[in-house]
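What follows is a structure written as structure tokens; I'll ask about it next.
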Amino acid sequence: MKAVKRCGAISLIAMLLCVQLSSSTWAAGTENVPNETNTSSESLEGFIDFVSPLYEGGEEFSAYEIKGINGENLKEQMVADTQDLADNGEWEEVREYCRRNLSAIEYTQTGKLLTRARDIAKWGTKTIQRFNVPRVSGYNYSVNTTDVRFKISGTIYYDPNTKVISSVSSTTVTDQSSTNGTVGVVDTYSYHSNYTGTFKAIAHPKWDVYVGSIYQGTMVFDNVEGVLEVSPD
């Protein structure tokens, strides 16, 4: 009889320890989540930093491309519709307008310099923000759509006379973020052709999902691909 009581007491203690360990793990937050480099939840401040140059005019304006739900160009209309909101600091309303009316905002920069080999090095970066991206696969988790943003960068080297690309730097993808606080994992591939003189870097983001520090699996979202093209001048 004493052995039965002792065994029951040990089982109860073990159960309590499991509950305590489970609770402390969930309360740990995301400080121990791996792969957090260049990733963050999509804060409103991040959105403001990305879109605010649109309202300042100048050369920055031409670097943006704004696409409607069906891929149409809505840059002038979007800025006209939201200028007063931006001027009044109502950025949450600007973001909601984008979610209702846009599929993507893209910002592209390029530059070039002459190398010692007398080739031209031309670099390009494209930051892509996509809205209401639908989930197509992943664990049974509450997220069905998300906003994502990421930057693709690459450099080509080419002969300025023949316009033939001699080499391409490694493609990088950075500054990944999502409205759902997930940790970004990006699949990328790139290619170039000496015949067409075009380099393309293509990124397919997917997101490893954590709740606290508990891994929930990988989500794959549809229509989130980003393409950077860099061509000789």
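Do any residues in the range 50-72 that are under 22 Å from ASP175 (Cα atoms) and of a type in the set (Val, Ile, Thr) have Cβ atoms under 6 Å from those of residues that are open to solvent by 40 Å² or more (accessible area, probe 1.4 Å) and at pLDDT below 90, where the two are at least six apart or on different chains, and which pairs are they?
none
So, in the range 98-143, of the ones that are open to solvent by 30 Å² or more (accessible area, probe 1.4 Å) and part of a helix (DSSP H, G or I), which residue ends up farthest from ASN161 (Cα to Cα)?
Checking each candidate, the answer is ARG100.
Among the residues that make up the range 213-233, is at least one of them assigned to a strand (DSSP E or B), open to solvent by 20 Å² or more (accessible area, probe 1.4 Å), out of contact with any Ser or Thr (no Cβ under 9 Å at 6 or more places or on another chain) and at pLDDT 80 or above?
So far as the range 213-233 goes, yes, one or more of its residues are assigned to a strand (DSSP E or B), open to solvent by 20 Å² or more (accessible area, probe 1.4 Å), out of contact with any Ser or Thr (no Cβ under 9 Å at 6 or more places or on another chain) and at pLDDT 80 or above.
Taking ILE128 as meeting all but one of (1) out of contact with any Ser or Thr (no Cβ under 8 Å at 6 or more places or on another chain); (2) without any contact (Cβ under 8 Å) to a residue 40 or more places away in the chain; (3) of a type outside the set (Lys, Arg), write down the number of the exception.
With respect to (1) out of contact with any Ser or Thr (no Cβ under 8 Å at 6 or more places or on another chain); (2) without any contact (Cβ under 8 Å) to a residue 40 or more places away in the chain; (3) of a type outside the set (Lys, Arg), ILE128 is out only on (2).
Does LEU113 satisfy the criteria of being free of Cβ contacts under 8 Å to residues at least 24 places away in the same chain and of a type in the set (A, V, I, L, M, F, W, C)?
Answer is yes for this residue.
Any chance you could count how many residues in the range 144-180 are within 11 Å of the chain's Cα centre (by Cα), open to solvent by 10 Å² or more (accessible area, probe 1.4 Å) and not acidic (Asp, Glu)?
Residues meeting the conditions: 6.
The values are calculated or read from the model by the stated rules, or taken from the named source; none is laboratory data. All of these numbers come straight from a predicted model, not from anything done at the bench. Every residue, glycine among them, receives a Cβ derived from its backbone with ideal geometry; neighbour counts consider all protein chains shown. All accessible areas refer to the heavy atoms of the entire protein, side chains included, with ligands and DNA or RNA removed. Shrake-Rupley method; radii C 1.70, N 1.55, O 1.52, S 1.80 Å.
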